[in-house]
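Data block below; observations after.
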Amino acid sequence: MADLRDLGLSEYEARAYRSLLRTGPTTAKELSRASDVPMGRIYDVLNSLEQYNLVRSQAASRPKKYVAVEPDAALDRLLADKKRELDEKAEQYEAIVDELGDELEAADPIEGQFWTAAVGLADSLDLLLERLAAADDYIVMVAGQSSIQFDLGEVGDRDAAELQEALDRGVDVSLLMTPEHVESLPPSVGERYLDRLSPHPSFEVRTSDSVPGTFNLMDDLEVAIEVPNPLDPDEAFAVIDLKDPEFAADVAEAFEPKWSDAEPLRF
């Protein structure tokens, strides 16, 4: 059940405010009796409620009297205070993230091989987007068949947004597809890439009849390979991410001539 304490009031403050709504204008002594707030605490409680702008006082009267602000106005003020606190907290956390981002540096590329895998659409997409976000120099996307990244709706939007962020931070993005794959894509996918990515000079799409599988190559370090569902080759089943500079270099070397021979896609 909702309570005024959920909006930041103490137990005594909540009891005093509710009692003021029932009693109408009253003195601190009378409010102490009505609310069961100890007399030794009532003035501190009333001062706090005044700071929240939840009560008004009539200083000219002797003894001084207090009246509660109408509930709608009081709740709006408490809500505004909470929103302001949340905004301040968000700014603090953003500043912490910025500071830590400068302080924490990724380790040097590993010498040996390390791999991880994700199974299922959601986990596979999360792994792909995570690796795209880690790219510093270039991203090569090779789509020889249906790919998670060209799915409809939220999935494709998340991928396009991640690629856009990569382009904005200076990463080159190269996309190689078969002409048949391009023609099979729904118009919404083409529009997404046309409107959001093609204006970037570092984004280029080419087509080739000979496309070796479906994978992403990031920098000179890792390759994310999409594994099709054995029961439905048009559906992605898993993603294997392999960090291995030597293997990544071999993939880049094999990709280069296919990219050179491919035809630029005119948007």
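Residues in region 25-61 that are under 25 Å from A80 (Cα atoms) and surrounded by fewer than 16 Cβ atoms within 10 Å (Cβ to Cβ): Y43, D44, N47, E50, Q51, N53, R56. Kindly provide the set of residues from region 202-235 that are over 19 Å from V171 (Cα atoms) and in contact with a Pro (Cβ under 6 Å, 6 or more places away or on another chain), ordered by number. The answer is T207, and nothing else. Close Cβ contacts (under 6 Å, 6 or more residues apart or on different chains) running from residues in region 73-92 that are of a type in the set (A, V, I, L, M) to residues that are part of a helix (DSSP H, G or I) comprise L78/L7.
Going by the conditions given, is K82 in contact with a Gly (Cβ under 8 Å, 6 or more places away or on another chain), surrounded by fewer than 17 Cβ atoms within 10 Å (Cβ to Cβ) and not assigned by TED's automatic domain parsing to the domain that holds M218?
Values: in contact with a Gly (Cβ under 8 Å, 6 or more places away or on another chain): yes; surrounded by fewer than 17 Cβ atoms within 10 Å (Cβ to Cβ): yes; not assigned by TED's automatic domain parsing to the domain that holds M218: yes.
In short, yes.
Collect the residues in region 252-267 that are closer than 10 Å to L176 by Cβ and either touching a Phe, Trp or Tyr at 6+ places or on another chain (Cβ under 8 Å) or of a type outside the set (K, R) (or both), keeping them in residue-number order. F255, W259, A262, L265 - these are the residues of region 252-267 that are closer than 10 Å to L176 by Cβ and either touching a Phe, Trp or Tyr at 6+ places or on another chain (Cβ under 8 Å) or of a type outside the set (K, R) (or both).
With respect to being aliphatic (A, V, I, L, M) and modelled with pLDDT under 75, L129 falls outside the description.
Among the residues of region 1-57, the ones that are of a type in the set (S, T, Y), farther than 19 Å from E70 by Cβ, under 46 Å from the mean Cα position of the chain (by Cα) and not in a helix (DSSP H, G or I) come to 1 in all.
Filter region 134-163 down to residues that are among the acidic types (D, E) and modelled with pLDDT of 65 or more and give me whichever is surrounded by the fewest Cβ atoms within 10 Å (Cβ to Cβ). Out of the qualifying residues, it is D137.
Of the residues making up region 226-244, those that are out of contact with any helix residue (DSSP H, G or I) (no Cβ under 7 Å at 6 or more places or on another chain), farther than 15 Å from V140 by Cβ and surrounded by 11 or more Cβ atoms within 10 Å (Cβ to Cβ) number 9.
The values are calculated or read from the model by the stated rules, or taken from the named source; none is laboratory data. Since we're looking at a predicted model, the values are computed, not measured. All Cβ positions, glycine included, derive from the backbone under ideal geometry; neighbour counts span all protein chains shown.
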